[in-house]
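S.K.: My questions will all concern the structure given below.
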Amino acid sequence: MRFILIDKIDRLEPGKLAEGHKIVAHDEDYFRDHFPGYPIVPGVLVLESLAQLGGRLVEASVRESSGTPRQQETPAHEPGKTVSRFKAQRTES
């Protein structure tokens, strides 16, 4: 089982923010055990989705600052509906 938890990046502004989504199918493997009769997406996978999106933001930011050409996003092929949206944004510290 592979956990690629972002189906599409909807908005990407290197150095600033990224927004994306995951379409959760009814037959995802983790629903069998979490929880039987009341399936919910495990919180750790929601957190991993945000980490993956943040990783793409960092990658795009580094590529832009180093002059490396950005890879163009391909459209996702997603059966079902969007049930989760994620947003990662850089803040000044």
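Computed from the coordinates by the stated procedures, all read-outs in this text should not be read as laboratory data. Computed from a predicted structure; not experimentally measured. Here the Cβ positions follow ideal geometry from the backbone for every residue, glycine too, while neighbour counts run over all protein chains shown.
S.K.: Rank-order 60-66, 19-25 by packing density, defined as the average count of other C-beta atoms within 10 Å over each peptide's residues, highest first. Mind showing how you got there, number by number?
M.R.: Working: 60-66: 13.4, 19-25: 19.0.
With the highest mean Cβ count within 10 Å placed first, the list reads 19-25, 60-66.
S.K.: Ranked highest first by the average count of other Cβ atoms within 10 Å around their residues, in what order do 9-17, 30-38 fall? Intermediate results must be reported in sequence, preceding the final value.
M.R.: Numbers: 9-17: 15.0, 30-38: 10.7.
The peptides rank, most packed first, as 9-17, 30-38.
S.K.: Using +1 on the beta carbon of Lys and Arg, -1 on that of Asp and Glu, and nothing else charged, what's the dipole of the range 1-41 about the Cα centre, debye to 20?
M.R.: 120 debye
S.K.: Once label points are set 7 Å from the Cα along Cα→Cβ at both Phe3 and Arg32, what is their separation, rounded to one decimal in nm?
M.R.: So the label points at Phe3 and Arg32 sit 1.7 nm apart.
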